[in-house]
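S.K.: This is the structure I have questions about; it appears just below.
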Amino acid sequence: MTKKHDKTFVNLVSVVIGCLIGLAFAIFALSKYVGAKEEKLKETDPGYRAEVQERITPVGRVAVAGQDNSALVIAPSGPKVAAAPVKMLAVMSGEETYKMTCSACHGTGAGGAPKFGSLKDWGPRIKQGLPVLKQHALGGLTGEAGVMPPKGGRPDLPDESVANAVEYMVKAAK
């Protein structure tokens with residue numbers, strides 16, 4: 001009796017596996033059929049061809065010294081995007097501006113920034129005068145001693161807040 005049950009089980013499993021394989025072949029054939037139609041549509045679409053050409057265009061080109069390299073200029077691609085307008089913050093005191101922005105570098109001396117409250121670090125800069133320090137804070141500075149991004153990297157800070165922060169830091173260093 002067990003041989004009969006075994007044979008029935010094997011036959012049933014074989015049928016199930018055969019059906020699954022047949023279903024897999026049917027799905028594969030259907031996907032090839034649909035994919036072939038989709039591919040033919042893409043090949044004839046000029047917009048699709050333009051997108052492909054844009055994606056495979058080289059990012060850079062090699063210029064050779066002593067030769068005319070004017071043909072190597074790469075035209076900007078993609079839509080032109082206007083810069084988002086910067087919403088200015090309200091004018092803040094020197095201490096508030098320092099805590100919010102300036103302390104990141106001037107608290108640790110990162111990037112060669114003079115440390116807050118250090119007359120040794122601030123002394124030579126204070127000798128240049130407050131107007132020069134404010135100008136450097138507003139417009140940025142790259143020098144031997146370090147780097148100062150314009151407005152501490154915060155274009156949304158009002159000029160008056162930056163000037164207040166400079167005065168606050170200079171006062172703390174005296």
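The values are calculated or read from the model by the stated rules, or taken from the named source; none is laboratory data. Predicted model, so just to flag it, every value in this text is computed and none were measured. Cβ placement follows ideal geometry from the backbone for every residue including glycine, while neighbour counts extend to all protein chains displayed.
S.K.: Could you tell me whether any residue of the range 122-130 is surrounded by 14 or more Cβ atoms within 10 Å (Cβ to Cβ), over 30 Å from Glu51 (Cα atoms), aliphatic (A, V, I, L, M) and under 26 Å from the mean Cα position of the chain (by Cα)?
M.R.: no
S.K.: Among the residues of the range 16-46, which ones are of a type in the set (Gly, Ala, Ser) and either at pLDDT 85 or above or within 28 Å of the chain's Cα centre (by Cα) (or both)?
M.R.: Of everything in the range 16-46, those that are of a type in the set (Gly, Ala, Ser) and either at pLDDT 85 or above or within 28 Å of the chain's Cα centre (by Cα) (or both) turn out to be Gly18, Gly22, Ala24, Ala26, Ala29, Ser31.
S.K.: For the range 85-103, enumerate the residues that are at pLDDT below 75 and either over 30 Å from Val162 (Cα atoms) or exposed (fewer than 10 other Cβ atoms within 10 Å of the Cβ) (or both).
M.R.: none
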